[in-house]
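The values are calculated or read from the model by the stated rules, or taken from the named source; none is laboratory data. What you see is a predicted model; the values in this text were computed from it and never measured. With ideal geometry, Cβ positions are generated from the backbone for all residues, glycine too; neighbour counts draw on all protein chains shown.
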Amino acid sequence: MWSGIFNPDKAKLKSKADLKRIRALFAAYRSEEIKILCCISLSSGLGLIPPLMVANIVDRALPNHNQAELFLFTGSMVVAALAMGLVGVYQGLQNHRMGEGIMRDLRVKLVTHLHRLPLRFSHEGSQAQHDQASEVGRRVRAGWRALLQRHEKWRRKRYQPQK
């Protein structure tokens with residue numbers, strides 16, 4: 001149920017080298033980071049508008065019976081809510097772009113590293129998989145063979161002519 005944030009076994013940054021590698025991953029996405037921070041600041045500012053408008057409605061528009069101010073303040077609350085929604089969507093888009101880009105960069109680094117490895121490395125792994133699959137196949141065939149032999153013995157015994 002808990003997210004594991006307080007789990008003492010969770011992974012921790014061991015050295016400054018880990019932090020440098022993480023910074024290097026995010027370096028290519030500096031513009032997305034800035035856009036996300038701007039979205040956070042903008043949505044925080046827009047989140048202040050509705051309480052201020054409620055205060056203006058209660059303190060100015062209702063006591064003065066000013067319908068124009070009431071519509072202005074309520075309209076600005078609606079516009080602020082819509083703007084916060086749009087900013088949230090844009091922020092989600094930037095988060096998605098940055099996250100997917102980092103994942104793509106990691107995949108490219110991994111595949112590039114694997115391509116640099118000697119061919120012998122990939123054949124050793126595939127040979128081990130082949131040997132393991134051959135062993136499994138051998139055991140399955142042996143099991144079927146034993147089952148068929150038992151069935152044949154049972155059939156002979158059952159249909160043996162009575163003397």
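For this structure, a couple of remarks:
- Meets criteria (without any contact (Cβ under 8 Å) to a residue 12 or more places away in the chain and part of a helix (DSSP H, G or I)) for LEU106: no
- Tabulated pairs, segment 143-163, first of a type outside the set (Asp, Glu), second assigned to a loop (DSSP other than H, G, I, E, B) and modelled with pLDDT under 80, C-beta under 8 angstrom, 6+ apart or interchain: none
- Extreme residue, nearest to GLU32 (Cα to Cα), among residues of segment 44-91 that are surrounded by 12 or more Cβ atoms within 10 Å (Cβ to Cβ) and of a type in the set (S, T, N, Q): GLN91
- Selection status of THR112, exposed (fewer than 11 other Cβ atoms within 10 Å of the Cβ) and either touching a Gly at 6+ places or on another chain (Cβ under 7 Å) or β-branched (Val, Ile, Thr) (or both): yes
- In segment 27-43, the residues that are surrounded by 17 or more Cβ atoms within 10 Å (Cβ to Cβ) and among the polar types (S, T, N, Q): SER43
- Restricting segment 42-90 to residues that are polar (S, T, N, Q) and outside any helix (DSSP H, G or I), the residue that is nearest to SER31 (Cα to Cα): ASN66
- Filter pass, MET98 being surrounded by 13 or more Cβ atoms within 10 Å (Cβ to Cβ) and touching a Phe, Trp or Tyr at 6+ places or on another chain (Cβ under 6 Å): yes
- The lone exception for ASP9 - which of (1) surrounded by 11 or more Cβ atoms within 10 Å (Cβ to Cβ); (2) acidic (Asp, Glu); (3) out of contact with any Leu (no Cβ under 8 Å at 6 or more places or on another chain) it fails: (1)
- Any pair with Cβ under 6 angstrom, 6 or more apart, that starts in segment 34-61 at a residue that is of a type in the set (S, T, N, Q) and ends at one that is surrounded by 11 or more Cβ atoms within 10 Å (Cβ to Cβ): SER43/MET84; SER43/VAL87; ASN56/PHE73
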